[in-house]
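The values are calculated or read from the model by the stated rules, or taken from the named source; none is laboratory data. Given the structure is predicted, the values throughout are model-derived calculations rather than measurements. Virtual Cβ from ideal backbone geometry, glycine too; neighbours counted across all protein chains shown.
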Amino acid sequence: MIRMQPSDENTRAIAESDAVAVERTLAGDRDAFRVLVERHSHNVFRLAYRMTGNRQDAEEVVQEAFLRAYQKLGQFAARANFGTWVYRIAANYAIDRMRQRKKEDTRKLEPAVHEEGTENDPVTLVHDAAPTPERLAHNIELREHMEMALAALSHSERTAFVMRHWEGCAIEEIAQVLKSSSGAAKNTVFRAVQKLRLALQPFVGRGTQARAIGTES
Amino acid sequence: MKHMTEEELIAYREGVTAERAGMARHLSVCEECRAELERIEAVLAALDTLPVPYPGDDYGQRVWQQIAPRLPEKPAEWWQSWFEPKRLGALAAVAAMLVIAFLAGRISRHDRPGNDVVANKEQIRERVLVVAVGEHLGRSEMMLVELSNAAPRDPAQKHVNISTEQRRAEDLLDENRLYRQTALQEGDAALASVLDELERVLLDVAHSPEEVTPAQLDKIRQKIEAQGILFKVRVVGRELQERQKATTPPTEHNSSRESERNKA
């Protein structure tokens, strides 16, 4: 899982100051909401980008999530967990956006090769300091396959995988977003990993053969 | 030695299992399962290298600038959410059910004055549930049948648009959840179980892409067929019809027809 887990003390401090900002916003201080937006925008963007797979949609999801959070702030009961709450709103809206996007635009998935901030690019992460043309070609090909495999997941599978694997969300949190039971949410995570594995294993573990699982030796 | 299944290995890797200690013990002695876990981890590790663009240090400020002009002066009060169109719709449905239950109660009280009021109330409640769930199952069945028969409008088209079925599945999902919970409260485990299975299928349909390839559509169909959900929905629907007949007090018209049938 990639999500950085802040220390318990940090988490508590952020949650407490979130709660104060929420109270002040509800009392009519709009600038207090600005603090919440600036504090949580990056995290929400990361989730939205991984769910939608493109920057434009991710930015729209972030804006819409904060707008909806502001409008519904009066209904927000657990005021200490604003981060988790806005996360959930963003995930819900991202699902809507993915559906809408599919309808509007049947364009093929664009490989996001030229995005800025690609410090984690598989191409740049190759251990060999001087990558050979073959290695470069393989990594570009692998990335395209990974993007295609993610795009081939259903909305719920992609949401469950992103929230669990990359964002480290609890199964109950995922179940709330998918509006399903915890068992069903867990199954959706399994299904997503199984599909990704099926699609990517030939490119990742070239030469390695999966065994017939669940067997006895 | 029994090896771990793929599901167990994924659950272990993704930390969604309560059996973690036992699995770790097995992995420490089973080379094959360890190798299998490594293969899963290799795929996940490759996915972890997919980049997320960094939106910039001032991203939070930019988001604020973009949304600030669109924010109302003050957030809505909690009670204002009750007047949202979606909530009003749900409230209207609940109110309609209450009115039906009340009217049904009055009618049946006239039929049998002063006798076993508590049992009567329970019957009425069951009747309302039976009628409502029966209709819900009918609508779900229709949607699933239409989905099973969906085909591209033009044979040359590569995609099938299932957005109509999807929207219906979304609407049915909310109702289904309500009925499943009610069935559980009423202690009707069999009905709750079928509604639970139906919910999973509805969820799958609601979360599928709006346009699917014939192969994807086939997969959805196979899933519907494999779970036998259509058959179960039909059987339960029929059972509910029977129960509805059994719990409906015979009207004069019905009873005279019944006696005619008996005579015959």
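Computed quantities for the displayed model
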| quantity | calculated |
| --- | --- |
| Counted residues, region B:35-73 - those being hydrophobic (A, V, I, L, M, F, W, C), assigned to a loop (DSSP other than H, G, I, E, B) and within 23 Å of A:Phe161 (Cα to Cα) | 2 |
| Any hit, region B:153-162, residues being surrounded by fewer than 21 Cβ atoms within 10 Å (Cβ to Cβ), touching a Ser or Thr at 6+ places or on another chain (Cβ under 7 Å) and closer than 17 Å to A:Arg99 by Cβ | yes |
| When residues of region A:69-82 are limited to those that are closer than 20 Å to A:Met163 by Cα and within 13 Å of another protein chain (Cβ to nearest Cβ), the one modelled with the highest pLDDT | A:Ala69 |
| Of the criteria (1) farther than 29 Å from B:Val99 by Cα; (2) within 14 Å of the chain's Cα centre (by Cα); (3) of a type outside the set (S, T, N, Q), which one B:His136 fails | (1) |
| Single match in B:Glu211, B:Glu170, B:Glu199 (criterion: within 14 Å of chain A (Cβ to nearest Cβ), within 22 Å of A:Arg101 (Cβ to Cβ) and at pLDDT 75 or above) | B:Glu170 |
| Hits in region A:35-57 - residues which are surrounded by 20 or more Cβ atoms within 10 Å (Cβ to Cβ) and at the interface with another protein chain (Cβ under 7 Å from one of its Cβ atoms) | A:Val37, A:Ser41, A:Phe45, A:Arg46, A:Tyr49, A:Arg50 |
| Which numbered condition A:Ile174 fails, given (1) over 20 Å from B:Leu202 (Cα atoms); (2) buried (at least 20 other Cβ atoms within 10 Å of the Cβ); (3) modelled with pLDDT of 90 or more | (1) |
| Hits in region A:177-189 (condition: over 17 Å from B:Thr17 (Cβ atoms) and either of a type in the set (A, V, I, L, M) or at pLDDT 90 or above (or both)) | A:Val177, A:Leu178 |
| Among the residues listed as A:Ala160, A:Ala137, the single one being modelled with pLDDT of 90 or more, of a type outside the set (Lys, Arg) and assigned to a helix (DSSP H, G or I) | A:Ala160 |
